[in-house]
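Derivation of every value follows stated rules applied to the coordinates shown; laboratory data play no part. Note that the structure is predicted; figures quoted are calculated from it, not measured. All Cβ positions, even for glycine, are placed from backbone atoms using ideal geometry, and neighbour counts span all protein chains on display.
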Amino acid sequence: MSVRILGVEFYPITLQGAVSALEWMMSREDNCTRLVVTANPIMVMTAQRDPEFMDILENAHLIVPDGMGILWAARKQGVKLPERVTGVDLADALLRKKPSPRFFFAGGKPGVAEKAAENVVKSIPGVRICGTHHGYFMPEEEQQVAEKIASARPDVIFCAMGSPRQEKFLWKYRNRLGAKVGIGLGGVLDVLSGAKKRAPGRVQEAGLEWLWRMVLEPARIWRNLALLEFAARVQLLSMFDRTREKGESHNAESREQGESDTVY
């Protein structure tokens, strides 16, 4: 059973289920790069103000819940999503797949994608990285970057340019990139390069990675205000739905009572 969270649809999927879906995508031969979105509450809020981004999310081939806030919002609607599927975990699972698909790393500051590729090749024997490119290019350079990716003939693109830019790039060029799958991965290349570290395991398990990042990067506090807005909107909608359900239940009971009181 799927659930719509502020207009964005999520299906109950596990990390292994996501990997299986990606394996199916990589078996297709239709010259289309299928879009995979690792969606968190901030991205859902961005879509509220960006119709183009909302349309992309509506048509994405797979959306996974990357954020404890998504699981919480689903529970508010009576749907339990099985687990959080983070971009880092999904990327790691794919990189360790045997035989290795061909990967292209696109994103990060100049040098980050290259360092990420270097680290991955050292740590995962047999992995195939066919190309890299930084994410700091101008709009007029988009086509050139898309052509570079296509010429590398990747199976999977790790696109880490920040959302919604990464999803818009992959969607715009989905029929020209030549890859089977394009995944929006935010700061994953920063993690793979060693430029940033993930939160400790216990912090991840508690769903507090957002707080960890905010402590390390105080400038993120303005961005994370969107989390408060997300929580408030979900809570208000939940309260509205409960009130409506009570009203409908009361009306139904009143109708039944009226029918039973009718004398024929």
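For the stretch 3-127, the pair-distance distribution built from all alpha carbon pairs, in bins 10 Å wide starting at 0, is 11, 37, 35, 15, 1 percent.
Straight-line cross-link reach from residue 115 at under 30 Å between alpha-carbon atoms covers these lysines, not counting any fewer than eight positions away in the same chain: 97, 98, 148, 168, 172, 180, 196, 197.
Convex hull over the alpha-carbon atoms of the stretch 3-231: what's its volume per residue in Å³?
Values: hull volume 27.9 nm³, N = 229.
For the stretch 3-231, the hull spanned by Cα atoms encloses 122 Å³ per residue.
Residues whose amide H comes within less than 5 Å of that of residue 177, counting only those at least five positions distant or on another chain, are 33 (H built at 1.01 Å from N in the peptide plane).
Between the C-alpha center of the stretch 174-189 and that of the stretch 87-108 there is a gap of 10 Å. Given the stretch 3-231, what percent of its DSSP beta bridges are antiparallel, to the nearest 5? Antiparallel bridges: around 10 percent, rounded to the nearest 5.
Rank the residues 169, 240, 158 as a footprinting-exposure proxy: fewest other Cβ atoms within 10 Å of their Cβ go first. Intermediate values should be presented prior to the final figure.
Working: 169 25, 240 10, 158 31.
The fewest-first ordering by Cβ neighbours comes to 240, 169, 158.
Taking the dipole about the Cα centre of the stretch 3-231, with the C-beta of Lys and Arg at +1 and of Asp and Glu at -1, give me whichever of 78, 41, 117 is farthest to the positive side. Toward the positive end, the furthest listed residue is 117.
Between residue 131 and 105, the built amide H atoms are under 5 Å apart, and every one of these is 5 or more places off in sequence or on another chain.
Label the stretch 128-179 by shape, choosing from rounded, prolate and oblate, from the square roots a ≥ b ≥ c of the eigenvalues of the Cα gyration tensor; if a/c is under 1.5 it is rounded, and otherwise prolate applies when a/b is larger than b/c, oblate when it is not. Note, shape of the stretch 128-179 comes out rounded. Peptides 189-195, 39-45 ranked from most to least packed by the mean count of surrounding Cβ atoms within 10 Å: 39-45, 189-195.
Coupling constants for the stretch 163-170 follow from the phi torsions by the Karplus curve (6.51 cos²θ - 1.76 cosθ + 1.60, θ = phi - 60°), and in residue order they are 9, x, 4, 5, 5, 5, 5, 4 Hz; glycine and proline get x. Neighbour counts of other Cβ atoms within 10 Å put 171, 72, 24 in the fewest-to-most order 24, 72, 171. Each residue, residue 48 and residue 9, gets one label point 7 Å from its Cα in the Cβ direction; the gap between the two is 2.2 nm.
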